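In what follows, a structure is listed as structure tokens, so that the remarks can point back to it.
The values are calculated or read from the model by the stated rules, or taken from the named source; none is laboratory data. Fair warning: this is a prediction, and the values are worked out from it, not measured in the lab. We place every Cβ from the backbone using ideal geometry, glycine too, and count neighbours over all the protein chains shown.
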Amino acid sequence: MERKLKIEFEESNVQDSVAYILVSEFDLKPNVLKAEISGDGSGVMILSLVGDEEKLTAAENRLREAGFVVCLTKHITRDDSLCWHCGACESICPAYCFASDKDT
């Protein structure tokens with residue numbers, strides 16, 4: 001099963017290795033889609049996790065206990081009948097999953 005999480009951290013826990021916890025304690029496969037750390041040491045990370053559903057839930061709880069703010073990311077769908085294909089969504093995508101071909 002795959003689950004995407006948004007993890008917010010602050011200066012007090014920015015040095016904790018989220019990926020290490022997820023792999024070593026829960027045998028999950030994390031993929032960091034985006035991470036940002038601000039000047040004050042706080043930040044946010046968007047993760048895609050693959051693993052057993054029970055382990056995913058246990059990992060979320062473990063991260064919360066460690067002081068991280070954990071949110072499930074919401075799924076976004078596009079209605080192609082309404083989309084103008086203008087490319088505006090490319091500039092705001094947090095995962096940079098869009099690519100534009102300037103020749104087309």
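Overview of results
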read-out	value
Pair list, Cβ < 6 Å and 6+ apart or interchain, from segment 66-89 residues that are closer than 30 Å to Ile21 by Cα to residues that are among the basic types (Lys, Arg) and modelled with pLDDT of 75 or more	Val70/Arg64; Cys71/Lys6; Thr73/Lys4; Thr73/Lys6
Residue ID - modelled with the lowest pLDDT, chosen from residues in segment 58-104 that are among the acidic types (Asp, Glu) and surrounded by 10 or more Cβ atoms within 10 Å (Cβ to Cβ)	Glu90
Members of segment 16-57 found to be under 13 Å from Met1 (Cβ atoms) and surrounded by 14 or more Cβ atoms within 10 Å (Cβ to Cβ), listed by number	Phe26, Leu28, Ser48, Leu49, Gly51, Lys55, Leu56
Total residues in segment 5-31, condition at pLDDT 90 or above and over 17 Å from Asn61 (Cβ atoms)	2
